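Report on one structure; see the data block that follows.
The values are calculated or read from the model by the stated rules, or taken from the named source; none is laboratory data. This is a predicted model, so every value here is computed, not measured. FYI the Cβ positions are ideal-geometry reconstructions off the backbone, even for glycines, and counts take in every protein chain you see. These accessible areas exclude ligands, DNA and RNA; they are computed on the full protein's heavy atoms, side chains included. Shrake-Rupley method; radii C 1.70, N 1.55, O 1.52, S 1.80 Å.
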Amino acid sequence: MTDVTYPARKPARPFFSSGPCAKPPGYAPEKLATESLGRSHRAKIGKSRLQYSIDLMREVLQLPETHRIGIVPGSDTGAFEMAMWTMLGARGVTTLAWESFGEGWVTDAAKQLKLDPTVIRADYGQVPDLSQVDFTTDVLFTWNGTTSGARVPNADWIPADREGLTFADATSAVFAYDIDWSKIDVATFSWQKVLGGEGGHGVLILGPRAVERLETYTPAWPLPKVFRLVSKGKLAEGVFKGETINTPSMLAVEDAIFALEWAKGLGGLAGLQARSNANAAALDKIVAERSWLGHLAEDEATRSKTSVCLTVEGADADFIKQFAGLLEKEGAAYDVAGYRDAPAGLRIWCGATVDTADIEALGPWLDWAYATLKSA
């Protein structure tokens, strides 16, 4: 490519960050309900809004009543570490890692909790051989690798009669894929991903087997106050009824409620999935039409439809930094450089809060930035 053609049209909302992600279409701060602001989260209005957000999440996710939902501190990381610190150690542990966040859970299990886990790894863009997983152990995995663009294809590889618990870091997956909740004992996510909500708060989902573990097992290590889910040998049910462990941001809660009501208006989970699928398909078309672009996750069956990671022919980290900088300077695309620990490339968020027309408008701008740098 030698021609540097300046595109005629920019994406109307050039927000392609993989976290925090684009706000829902039509979002504006003045549209948020504010009656709960400045009030105690333990007052009737605070608890009712927290419970309402939990009820909306259950409805949109189609989560069965067997599973509890709690709002906890520390975003997805806080929620997942809360689960690890409170439930691991009762039996052996297997950790799956094919990107940076999965590696983080390996570090926690091995170096912080000193559990000597079995580690099954794969390179960026791939997923491990799932048939190797020993389900007599507790199993930790990332459903959708935000930094690698690779995901598990489904939950068919998880047996119904497993002995250990399954812990799914599902922060780029929930609201975008069908999840068989009967196969998931613990799941975590943050509002900042597919919902386009604010960060700082995590969501912890517990199935009945996880609750049983909490009520029958006490870890050998001390637990910080913000991790404690059990009181007098029983699950602290209030956490899952809007009584958060620490003080939540009611502004962030109202922001999440706005996104969840928007999602419900789309038709719920199916509507969210349709938007994400359309976005991923539009980006696939852009990649297919350009010889210098490729998918880091080559296998379509395990390729993310939310955090799509792309290879750029001949690019190193400096090239990608300049590439993303050109697009940001023009107001054509924000935050599209790949994750710092991943192979040099682009990362385009295709979750439901992005409009397909904006993905389509991005193609000519990728051409422009590539040609501009190649001709320099």
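So that you can scan it fast, the table gives a plain yes or no per residue for (1) farther than 20 Å from Leu165 by Cβ; (2) touching a Leu at 6+ places or on another chain (Cβ under 9 Å); (3) buried (at least 24 other Cβ atoms within 10 Å of the Cβ):
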| site | (1), (2), (3) |
| --- | --- |
| Met57 | yes, yes, no |
| Thr66 | no, no, no |
| Gly70 | no, yes, yes |
| Ser75 | yes, no, no |
| Ala83 | no, yes, yes |
| Thr86 | no, yes, no |
| Ala90 | no, yes, no |
| Val93 | no, yes, yes |
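Here's the yes/no breakdown for (1) hydrophobic (A, V, I, L, M, F, W, C); (2) over 24 Å from Trp85 (Cβ atoms); (3) open to solvent by 20 Å² or more (accessible area, probe 1.4 Å); (4) within 18 Å of the chain's Cα centre (by Cα):
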position: Gly104; (1), (2), (3), (4): no, no, yes, yes
position: Thr107; (1), (2), (3), (4): no, no, yes, no
position: Ala122; (1), (2), (3), (4): yes, yes, yes, no
position: Gln126; (1), (2), (3), (4): no, yes, yes, yes
position: Thr146; (1), (2), (3), (4): no, no, no, yes
position: Gly149; (1), (2), (3), (4): no, yes, no, yes
position: Asn154; (1), (2), (3), (4): no, yes, yes, yes
position: Ile158; (1), (2), (3), (4): yes, no, no, no
**Item:** Residue among Met87, Met82 that is at pLDDT 95 or above, among the aliphatic types (A, V, I, L, M) and within 17 Å of the chain's Cα centre (by Cα)
**Value:** Met82
**Prompt:** So Ala288 fits all but one of (1) of a type in the set (A, V, I, L, M); (2) open to solvent by 50 Å² or more (accessible area, probe 1.4 Å); (3) more than 18 Å from Asp367 (Cβ to Cβ); what number is the exception?
**Reply:** (3)
**Prompt:** Can you find even one residue in region 229-242 that is touching a Leu at 6+ places or on another chain (Cβ under 7 Å), open to solvent by less than 40 Å² (accessible area, probe 1.4 Å), at pLDDT 95 or above and in a strand (DSSP E or B)?
**Reply:** yes
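Residue-by-condition table, conditions (1) surrounded by 21 or more Cβ atoms within 10 Å (Cβ to Cβ); (2) part of a helix (DSSP H, G or I):
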residue	(1), (2)
Thr247	no, no
Leu251	no, yes
Phe258	yes, yes
Gly267	no, no
Ala297	yes, no
**Complete:** Every listed condition ((1) under 21 Å from the mean Cα position of the chain (by Cα); (2) buried (at least 20 other Cβ atoms within 10 Å of the Cβ)) holds for Leu327 save (1)
**Message:** Would you confirm whether or not region 31-46 contains a residue that is open to solvent by less than 60 Å² (accessible area, probe 1.4 Å), farther than 25 Å from Pro128 by Cβ, in contact (Cβ under 8 Å) with a residue 40 or more places away in the chain and within 22 Å of the chain's Cα centre (by Cα)?
**Reply:** no
**Item:** region 190-228, residues that are in a loop (DSSP other than H, G, I, E, B) and of a type in the set (S, T, N, Q)
**Value:** Gln192, Thr218
**Prompt:** In region 345-359, what residues are open to solvent by less than 40 Å² (accessible area, probe 1.4 Å) and of a type outside the set (Val, Ile, Thr)?
**Reply:** Gly345, Leu346, Arg347, Trp349, Cys350, Gly351, Ala352, Asp358
